[in-house]
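Have a look at the structure below before the remarks.
The values are calculated or read from the model by the stated rules, or taken from the named source; none is laboratory data. Bear in mind the structure is a predicted one, so any value in this text is a computation, not a measurement. Note that we place each Cβ from the backbone using ideal geometry, even for glycine, and neighbour counts take in every protein chain shown.
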Amino acid sequence: MMDISGDYLFDAPQRLVWDALQDPNVLGTIIPGGKGIELIGDNQYSTVLEVKVGPVQGTFQGKIALSDIVTPERYQIDVDGKGAPGFVKASGKIQLEARNHQTLMTYVGQAQIGGRIASVGQRLMDSAARSIIRQSLDALNAYLIAQVAQQAPPVITTANAEVVTVPLASVAVPVSSYQPPSQMALALNVARDVLNDYIPPKYQFLALGAGVAVIVLIIVLIAN
């Protein structure tokens, strides 16, 4: 059994974060390896996920169920996935709390993993899971920042030093564009995070020199 817990501060208001978490089109792009999420019933979703952890890789078919929903504050999530690499069953609770113009997410849960994917070892699984969660939340935050930029009306200063808010429809405003994470970026970041977990910071400069071959091997195993 693997414990999953943590928190994340989004640069967007609570309602915008909540709406994104309920949008399968958004979630299908921010999850590394995700091949889309489809709504199949009330708060019921199906998903396909390509997993690459160490030498184990393959496709998972999964179902996601949301319950105990209190909009826009919290919900329970249950995941059941199966595939050639093995199986995963997970459940957890997600809580959102407004922090001025930001939103703090806290999450806690447990995951049971079996099959070939469990053969890579508990420590590597823990590191990879934390890395994938962090990258997913980073990608969601990037999406939210782009949404905030699109919604914020531009402000201009007139010749009389008056501050005027201009409707978006009347002026062309460059906004941030969201790009979903690539598989290569996922692999590189997982390798980096695993390195950080396994090697104390004061020795990492040695690993970059004497152990560069090991780092390359980890990247190749995850990326291929």
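List of remarks:
- Qualifying residue in the stretch 113-136 (condition: at pLDDT 90 or above and either within 18 Å of the chain's Cα centre (by Cα) or within 24 Å of Thr29 (Cβ to Cβ) (or both)): no
To keep it simple, each residue is scored yes or no on (1) in contact with an Asp or Glu (Cβ under 7 Å, 6 or more places away or on another chain); (2) of a type in the set (A, V, I, L, M, F, W, C); (3) more than 15 Å from Asp78 (Cα to Cα).
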{"site": "Gly6", "(1), (2), (3)": "no, no, yes"}
{"site": "Pro13", "(1), (2), (3)": "no, no, yes"}
{"site": "Gly33", "(1), (2), (3)": "yes, no, yes"}
{"site": "Ile37", "(1), (2), (3)": "no, yes, no"}
{"site": "Asp42", "(1), (2), (3)": "no, no, no"}
{"site": "Thr47", "(1), (2), (3)": "no, no, no"}
{"site": "Gly58", "(1), (2), (3)": "no, no, yes"}
{"site": "Leu66", "(1), (2), (3)": "no, yes, no"}
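- Matching entry among Val108, Val148 (being within 19 Å of Val26 (Cα to Cα) and either at pLDDT 85 or above or exposed (fewer than 15 other Cβ atoms within 10 Å of the Cβ) (or both)): Val148
- First in the stretch 16-30 and within 19 Å of Ile132 (Cα to Cα), second anywhere and part of a helix (DSSP H, G or I) and among the β-branched types (Val, Ile, Thr), Cβ under 8 Å, 6 or more apart: Ala20/Val26
- Test: residue in the stretch 63-84 that is buried (at least 16 other Cβ atoms within 10 Å of the Cβ), out of contact with any Lys or Arg (no Cβ under 9 Å at 6 or more places or on another chain) and of a type in the set (Val, Ile, Thr): yes
- Cβ-Cβ contacts under 8 Å between residues 6 or more apart (or on different chains), taken from a first residue in the stretch 49-72 that is outside any strand (DSSP E or B) to a second residue that is crowded, with 17+ Cβ neighbours inside 10 Å and at pLDDT 85 or above, are listed as Thr71/Trp18; Pro72/Gln14; Pro72/Val17; Pro72/Trp18; Pro72/Leu96.
- Residue within the stretch 50-64 that is acidic (Asp, Glu), modelled with pLDDT under 90 and more than 14 Å from Leu140 (Cβ to Cβ) present: yes
- Filtering the stretch 71-97 to residues that are under 11 Å from Val108 (Cα atoms) and among the β-branched types (Val, Ile, Thr) leaves Ile77, Ile94.
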